[in-house]
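For reference, the structure discussed in these notes is given below.
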Amino acid sequence: MLVKISFLLTIILLVGCTIVSNKNSFVTRKTDPNIDKSFFISSDGYQHFVEHWKSDENSDVVIIGIHGYSDYSNSFDLPANFLNKFSIDFYAFDLRGFGRDTNKGVWFDKEFHIKDVYEFFKIIEKKYPSKKKFILGESMGGAIAISLLKEKNINIEGLILVAPAIWDFKEQNFFLSKFLYIFSRLFPDISLSGKNLIKVIPSDNNKMLKEFSEDENVIHKSSLSSLYGVVDLMSDAYKNTSIFEKTLNFNTLIILPIKDYIVPRRPIKEMLKNQFIKRNIELNNICLGVYEENYHMILRDIEGERITREIKEWVADSDVCDYLYSFSNSLSRIEESKNYHILDKN
């Protein structure tokens, strides 16, 4: 139990919020979703800071990024600028409660994020009707993307999941989940940090990590109430991976760094044992990239540009699954890989 409780503190490193139970708390006005200068304005009038990395040449591809825990849209600056060199446009916005949001630190229920991403996608779809559109979800963003595609019917060329935060925590850790639920209700606003208690390596890029730690738009502490919201989000995403058990009208790329101290690998290993998912991998409907020497913040690792280049090549031609090393024998390589997450070791 002590090991499992310490696990909660590993999440704390990248999570920081308080929960909103009243879904109407921050509704200001009804409006048509739109992008106005530096803001994406959702249908309830909520303003999100938006970033657009535009390529110099006419592009026929646009990627919408969904950022991870405690982070914000600027987390895609390195990969987006690289992708721009290959005529790929990139958009991302700060999710509610993150980054430059006036309600920074507030955890909004997953329904808000699913609605916001869906509305943003529809804006981009209308703006670029002839472009191929991809959704890229990193960590928590991957969990949101999976649930979005489970609940909404959208027309995308492909889905890119980078170190996706998906696992059946509530099912596998029933009592700890209940413990977390009770304490998150009793002490919802207690802010915690596990930085000095547990050794967690999110990346090998120390320069980037220093900038990350000093970025005032990054959430560096979390509340207990946020943890239950995150557990709920990721548990739902795990259940919603059932969408990959059937033939889809889009291709999927999954990027899995093995040295991941933030998200455990055991649940994903279990998911990949599903015969229908394995079949989709064999057919290249799902392309699984395994990176033994990379960490959770893989696109910002020292060799992050190499991984971004492979994403670019997959976007151009999903047949790269057949010849790039990262995608070869990926099922057996992940099955044989070492576990780094604290819950995977016990």
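The values are calculated or read from the model by the stated rules, or taken from the named source; none is laboratory data. None of the values given here were measured: they were computed from a predicted structure. In this analysis, Cβ positions are derived from the backbone assuming ideal geometry, glycine residues included, and neighbour counts consider all displayed protein chains.
Say whether the condition of being β-branched (Val, Ile, Thr) and part of a helix (DSSP H, G or I) is met by at least one residue in region 248-260.
Let us first name the residues in region 248-260 that are β-branched (Val, Ile, Thr), namely 252, 254-255, 258.
Imposing the further condition that a residue be part of a helix (DSSP H, G or I) reduces the set to none.
Looking for residues that are β-branched (Val, Ile, Thr) and part of a helix (DSSP H, G or I), one finds none in region 248-260, hence no.
Determine if region 13-36 includes at least one residue that is among the aliphatic types (A, V, I, L, M) and at pLDDT 85 or above.
Yes, there is a match, as at least one residue in region 13-36 is among the aliphatic types (A, V, I, L, M) and at pLDDT 85 or above.
Looking at region 81-104 only, could you name the residues that are of a type outside the set (D, E, K, R), farther than 12 Å from residue 138 by Cβ and within 16 Å of the chain's Cα centre (by Cα)?
Of everything in region 81-104, those that are of a type outside the set (D, E, K, R), farther than 12 Å from residue 138 by Cβ and within 16 Å of the chain's Cα centre (by Cα) turn out to be 90, 91, 93, 97, 98, 99.
Of all residues in region 261-296, count the ones that are assigned to a loop (DSSP other than H, G, I, E, B) and within 14 Å of residue 162 (Cα to Cα).
Total satisfying the criteria: 5.
Failed condition for residue 125, given (1) farther than 18 Å from residue 96 by Cβ; (2) buried (at least 19 other Cβ atoms within 10 Å of the Cβ); (3) not β-branched (Val, Ile, Thr), with all others met?
It fails just one condition, (2).
For region 89-104, check the following and say yes or no: at least one residue is aromatic (Phe, Trp, Tyr), more than 23 Å from residue 296 (Cα to Cα) and modelled with pLDDT of 95 or more.
no
If you check 141, 99, 105, which single one turns out to be crowded, with 21+ Cβ neighbours inside 10 Å, of a type outside the set (D, E, K, R) and on the phi > 0 side of the Ramachandran plot? Spell out how you get there, then give the answer.
Numbers: 141 fails: on the phi > 0 side of the Ramachandran plot; 105 fails: crowded, with 21+ Cβ neighbours inside 10 Å.
Of the residues listed, the single one that is crowded, with 21+ Cβ neighbours inside 10 Å, of a type outside the set (D, E, K, R) and on the phi > 0 side of the Ramachandran plot is 99.
I'd like to check something: does region 54-62 contain any residue that is over 15 Å from residue 134 (Cα atoms), touching an Asp or Glu at 6+ places or on another chain (Cβ under 9 Å) and not basic (Lys, Arg)?
Yes; the residues of region 54-62 include at least one that is over 15 Å from residue 134 (Cα atoms), touching an Asp or Glu at 6+ places or on another chain (Cβ under 9 Å) and not basic (Lys, Arg).
What residue, among those in region 123-155 that are in a strand (DSSP E or B) and within 24 Å of residue 165 (Cβ to Cβ), is farthest from the chain's Cα centre (by Cα)?
133
How many residues does region 291-342 hold that are closer than 25 Å to residue 73 by Cα and buried (at least 18 other Cβ atoms within 10 Å of the Cβ)?
17
Residue 299: of a type in the set (A, V, I, L, M), touching a residue at least 40 places away in the same chain (Cβ under 8 Å), out of contact with any Pro (no Cβ under 9 Å at 6 or more places or on another chain) and not in a loop (DSSP other than H, G, I, E, B), yes or no? Give the derivation first.
Details: of a type in the set (A, V, I, L, M): yes; touching a residue at least 40 places away in the same chain (Cβ under 8 Å): yes; out of contact with any Pro (no Cβ under 9 Å at 6 or more places or on another chain): no; not in a loop (DSSP other than H, G, I, E, B): yes.
Considered against the rule, which asks whether it is of a type in the set (A, V, I, L, M), touching a residue at least 40 places away in the same chain (Cβ under 8 Å), out of contact with any Pro (no Cβ under 9 Å at 6 or more places or on another chain) and not in a loop (DSSP other than H, G, I, E, B), residue 299 comes out as no.
Which condition number does residue 39 fail, the rest of (1) under 19 Å from residue 111 (Cα atoms); (2) without any contact (Cβ under 8 Å) to a residue 12 or more places away in the chain; (3) not acidic (Asp, Glu) being met?
So residue 39 meets the others, but not (1).
What residue, of 243, 286, is surrounded by 23 or more Cβ atoms within 10 Å (Cβ to Cβ), in contact (Cβ under 8 Å) with a residue 24 or more places away in the chain and closer than 19 Å to residue 135 by Cβ?
Of 243, 286, the one residue that is surrounded by 23 or more Cβ atoms within 10 Å (Cβ to Cβ), in contact (Cβ under 8 Å) with a residue 24 or more places away in the chain and closer than 19 Å to residue 135 by Cβ is 286.
Sort through 286, 307 and tell me the only one that's modelled with pLDDT of 95 or more and closer than 25 Å to residue 239 by Cβ.
286
Considering only region 261-280, I want to know if a residue exists there that is free of Cβ contacts under 8 Å to residues at least 60 places away in the same chain, surrounded by fewer than 23 Cβ atoms within 10 Å (Cβ to Cβ), of a type in the set (Ser, Thr, Tyr) and on the phi < 0 side of the Ramachandran plot.
Scanning region 261-280, I find no residue that is free of Cβ contacts under 8 Å to residues at least 60 places away in the same chain, surrounded by fewer than 23 Cβ atoms within 10 Å (Cβ to Cβ), of a type in the set (Ser, Thr, Tyr) and on the phi < 0 side of the Ramachandran plot, so the answer is no.
What are the residues in region 315-346 that are among the polar types (S, T, N, Q), under 23 Å from the mean Cα position of the chain (by Cα) and part of a helix (DSSP H, G or I), if any?
318, 326, 330
Which residues, counting only those in region 148-168, are crowded, with 24+ Cβ neighbours inside 10 Å and at pLDDT below 95?
Those that are crowded, with 24+ Cβ neighbours inside 10 Å and at pLDDT below 95: 165, 166, 167.
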